[in-house]
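All remarks here apply to the structure that follows.
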Amino acid sequence: MKTITRFASAGIILASIQLSFVASPVRALQSEEETLFDELPIVNISAMYGERLDRASGIVSVITANDIKRMGARNLSDVFDMVPGIESTMNTMGNTPPVIRGVGSRDSAQVKFMVDGVHVNDLMGGSGFPGHADMLLEDVERIEFIRGPGSALYGENALAGVINVITKTAENNKGIRTSVRYGSFDQAGASFQLGRKGQGMNLFATLEGVTTNGYKATVQRDRLYGLSYVQAPGPANNELERMQASLTLSGRSWDLRYRRVDNSKDPIVGITYALTHPEKDLRVNVIYDLVAFKHLLNLGPLSLTSGVSVFDYRQEQEFILFPQGYVINADRDGDGDIEYFRDGVRATPSHANRRVSIGNVLRYNGLPSHDILLGINYDIMDQYDVRYLSNYNPLTMAVLNDGSRLIDISNTTNWNKNVSRYLVAGFAQDKISLLNSLSLTLGARYDKYNDIGDTFNPRASLVWFPTEALTAKLLYGSAFRAPNFRELYNINNPANLGDPNLNPEEISTYEAGAYYNFDNKGSLVGMNVFYNRVRNLMDLYKPAGTTALYWGNTSKVDFYGMEMEGKLSLSNRLSGNVAYAYLDGKDKVINHQPGYLLRNKASTGLTYLIFPNTTLNATTVYYSHRHRAEGDSRPHVPGYTIMNTNLLYERGALSLSFSIHNIFDRYYVSPDSSKLIYYDFPRSGRDVIAKAGYKF
């Protein structure tokens, strides 16, 4: 309810801004001719400037606002399902971070996540998804993906891939648009958008909010199986309240963007893989503010883009680690009694971090057959306000006082520390036109850190387009992921200890692809193969002679596979899309296939224009079964097929949609590699959502 109240108040403010920004009345939206087909997209993610999708100097996918609207995507997980090579997973927090081509931790720190080109991965865990897994999509213009290494342009975290969410501006979104939605699991939400074009400056503002009790799938067995205080079987906890707001001011050569996210969510099973009392508050609160300014100086063949951004992120967690009545049958503090937690084992760890990025990119295309980029970045990264409140001693598990209240132990046994990191980076790229139908892109980036040393990552891309329709490409690239602050500096937690001597994760990738453009309606089919050589992967391990778990560079894995995707105009009323990915690999340490590898993934979509203003979309998503890791004797993770549909009506200013996700209420799971949630993480059952929107 607090989310909706904040939403209503902010909506009044935004409406006031609209009235004062320009005096002319807002005109009603006129009817527009309905079309199913988009032109072949121009993407920016692969070169930092526009390239035609099939001729991009990387393996790139794009999902547009029209795609999102027609399939009724609820969140990023629905979007990931439609992209080959990207797997939607789940962790204990209930987040659904992506794994790209088999590479990914429980938080997907190996994926660089950007909003409008600004890096928004958290410094503590390295992930961009605690604040974005439940991202509302009303203000999204398109989402661009690099499947494969991206560090030659984008630096850290771009090990497995890069995702850039590009938001709407006033350029194509004038007027006021509002929408409301209601659906399963007591879901209610609303959005407000305002776009105005003025003399010398444009304004675009958005406000979106949602609240839901979440699906209550049953967790059959957790880590406390067989103990008297076990809560399983019991419902997963996944309530959500989210509000996000943005403001963009732009002129001919500049733009200023502000974005705020306030996301409060229950961890699905708790951080310790144990269900706790469903009536108690268990919350992960993520609040961030993002401010970014960019200026373009254009001098004919020479252009200079200068930018500065500040990303301020705060995460507060309210955990019950173990349920009420939890007992340790030992005296851990010398008082002669066993450790009994009447109210459960409780903790509130929190942290904040800030990234200030300053960058300049120089582009020069005045030389025959050359398009040159030169860039430099300076980042200041500060982690601060690391605090820990608990009712237990994390080193001994002894009850603090009587366990009835939380004690601030930040000064004695904190879980991490306040720390700073500095980064200086430079990159160069040259796109060389060798022939009218052949281009070669060469690039490299050097990153120098004050704490973990330096890294150098090159890339090369040879693109051949002998006809307007046909494109073939060969690519090589390397990338890295810097250790995050959790992996380096976690302390006073025997189950999760950092190592300040960790090395960055590294990858080398070889790729080949071919694309065919069938018509001028955006129909495109592409296929690519790849080989990934991944080294220094980080995970928890137990050193010989100890009982504690430490972060270490524990594994090296080779992955190889094939990906295919297509978008086709099948008739004047029917369009379709298809994606398929095959993946295999070998863990070079144990000489065996990596556990939980998704060997086959497929998705299809059909959109049919029933009437001039009405479309029906149907999508199908298939995940194959997965084998467990070595030493995990549980049956394999079962595969599944999920079907979704969305009915969309748009006429003039009005839009109505009715969507059903998981039509047949199929029970399916995402694997838990810890083995503590024995039957894995349950995913959502049937989800019905009705939405109405109006543009003034």
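Dipole magnitude for the range 413-466: computed about the Cα centre from +1 point charges on Lys and Arg Cβ and -1 point charges on Asp and Glu Cβ, it is near 100 debye.
Using mean Cβ contacts within 10 Å as the protection proxy, how do 160-166, 615-621 order, highest first?
160-166, 615-621
Using the Cβ-Cβ distance between ASP385 and LEU676 with R0 = 22 Å, the FRET efficiency computed as 1/(1 + (r/R0)^6) comes to roughly 0.10. Residue-wise HN-Hα couplings along the range 234-241, as the Karplus relation 6.51 cos²θ - 1.76 cosθ + 1.60 with θ = phi - 60° gives them from phi, are x, x, 5, 9, 8, 5, 9, 10 Hz; Gly and Pro carry x. Which percent of Cα-Cα pairs in the range 471-569 sits in each 10 Å bin, short to long? Pair shares across the bins are 15, 29, 21, 17, 13, 5, 0.
Length available on full extension from LEU367 to VAL327: 0.36 nm per residue minus the Cα-Cα distance, which gives 7.0 nm.
Computed from label points 7 Å out along Cα-Cβ, the spacing between ARG651 and ASN75 is 3.4 nm. In the neighborhood of SER77, defined by Cβ-to-Cβ distances under 12 Å, what is the net charge if each Lys or Arg adds +1 and each Asp or Glu adds -1? That sum, taken over residues with Cβ under 12 Å, equals -3.
Note on the range 573-640: the C-alpha convex hull projects to 5.7 nm² when averaged across all orientations. Dipole size of the range 223-302 about its Cα centre, with +1 on Lys/Arg Cβ and -1 on Asp/Glu Cβ: approximately 360 debye, rounded to the nearest 20. The H on the amide N of GLY117, modeled in the peptide plane, is under 5 Å from the matching H of VAL165, each at least 5 residues off or on a different chain.
Each principal axis of the range 352-444 carries a Cα extent, and these read 77, 24, 17 Å when sorted largest first.
Once R0 is set to 60 Å, what does the formula 1/(1 + (r/R0)^6) return for the Cβ-Cβ distance between LYS216 and SER253, expressed as a FRET efficiency to the nearest 0.05?
On the way: r = 52 Å, r/R0 = 0.86.
So, using R0 = 60 Å, E works out to roughly 0.70.
Plainly put, the range 168-223 has a radius of gyration that is 1.31 times its Kirkwood radius, both from alpha-carbon atoms, as the Rg/Rh ratio. Can you work out D for the range 516-608 in µm² s⁻¹ from Stokes-Einstein, where Rh is the Kirkwood radius over C-alpha pairs, the temperature is 25 °C and the viscosity is 0.890 mPa s? The Stokes-Einstein estimate is 149 µm²/s.
Taking Cα pairs under 8 Å and at least six residues apart, what relative contact order does the range 177-223 come out at, in percent?
On the way: 66 pairs, mean separation 15.7, N = 47.
Relative contact order for the range 177-223 comes out at 33 percent.
Each of LEU606, ILE268, GLY214 was scored by the projection of its Cα onto the charge dipole of the chain, and the greatest displacement toward the positive side belongs to LEU606; charges sit on the C-beta of Lys, Arg, Asp and Glu.
Taking a virtual spin label 7 Å from the Cα of LEU434 along the C-beta vector, which residues in the range 451-465 bring their backbone nitrogen under 18 Å of it? Label zone hits: 459-465.
When the convex hull of the Cα atoms of the range 279-341 is projected onto a plane and the area is averaged over all directions, what value comes out in nm²? Provide the component values of the computation, followed by the final result.
Numbers: hull surface 35.3 nm².
Its average projected convex-hull area is 8.8 nm².
Segment THR547..PHE664, full-extension length gain: 37.5 nm, with 0.36 nm per residue of separation and the alpha-carbon distance subtracted.
Farthest towards the positive end of the charge dipole of the chain, among the residues ASN450, MET48, THR92, is the Cα of MET48, using unit charges on the Cβ of Lys, Arg, Asp and Glu. The charge dipole of the chain, taken about its Cα centre with unit charges on the Cβ atoms of Lys, Arg (+1), Asp and Glu (-1) only, comes to about 1060 debye. The relative contact order of the chain comes to 12 percent, based on Cα pairs under 8 Å that sit 6 or more residues apart. Volume of the convex hull of the chain (Cα atoms only), normalised per residue: 149 Å³. Here LYS174 is the anchor, and the lysines within straight C-alpha reach of less than 28 Å, apart from those fewer than 8 places off in the same chain, are LYS69, LYS197, LYS294, LYS521, LYS691, LYS695. Spacing of the modelled spin labels on THR348 and LEU442, each 7 Å from Cα toward Cβ, amounts to 5.8 nm.
Positive contributions from Lys and Arg (+1) and negative ones from Asp and Glu (-1), summed over other residues with Cβ under 13 Å from the Cβ of ASN490, come out at 0. Other residues with beta-carbon under 14 Å from the beta-carbon of GLN187 carry, at +1 per Lys or Arg and -1 per Asp or Glu, a net charge of +1. Each of the peptides 290-297, 455-462 was scored by the mean count of other Cβ atoms within 10 Å over its residues; in descending order, highest first, they stand as 455-462, 290-297.
Heavy-atom accessible area for LYS588, with the other protein chains in place and a 1.4 Å probe, reaches approximately 90 Å². Figure legend: label point modelled 7 angstrom from the Cα of ALA514 along Cα→Cβ; residues of the range 456-482 with amide N under 19 Å from it are 462-476. With contacts taken as Cα pairs under 8 Å at a separation of at least 6 residues, the range 467-540 carries a relative contact order of 33 percent. From the P(r) of the range 574-686, can you give the percent of Cα pairs sitting at distances over 21 Å? The proportion of pairs with Cα distances above 21 Å equals 52 percent.
With viscosity set to 1.306 mPa s and temperature to 10 °C, compute the Stokes-Einstein D of the range 262-373, Rh being the Kirkwood radius across alpha carbon pairs; µm²/s, no decimals. Mind dumping the intermediate values first?
Values: Rh = 18.8 Å.
Roughly 84 µm²/s, to the nearest whole number.
Which three semi-axes in whole Å describe the equivalent ellipsoid of the range 114-209, each the square root of 5 times a Cα gyration tensor eigenvalue, listed largest first? Can you show the working numbers first?
Numbers: eigenvalues 159, 84, 22 Å².
Semi-axes from the Cα gyration tensor: 28, 21, 11 Å.
When the Cα positions of TYR326, VAL356, GLY336 are compared along the charge dipole of the range 317-369, VAL356 comes out farthest toward the positive end, with charges on each C-beta of Lys, Arg, Asp and Glu. SER420 to ALA495: FRET efficiency via 1/(1 + (r/R0)^6), r the Cβ-Cβ distance, R0 25 Å, to the nearest 0.05? The pair SER420/ALA495 has a calculated efficiency of 0.40. What does a probe at ASN285 reach in the range 338-367, counting residues whose amide N is under 14 Å from the point 7 Å along Cα→Cβ? Under cut-off, by backbone N: 348-352. Between LEU299 and VAL525, the contour length at 0.36 nm per residue exceeds the Cα-Cα span by 77.6 nm.
The values are calculated or read from the model by the stated rules, or taken from the named source; none is laboratory data. Please read all numbers here as calculations on a predicted model, not as lab measurements. Glycine also receives a Cβ, built like all others from the backbone with ideal geometry; neighbour counts cover every protein chain displayed. Just the protein is used for accessible areas: all its heavy atoms, side chains included, with ligands, DNA and RNA removed. Shrake-Rupley method; radii C 1.70, N 1.55, O 1.52, S 1.80 Å.
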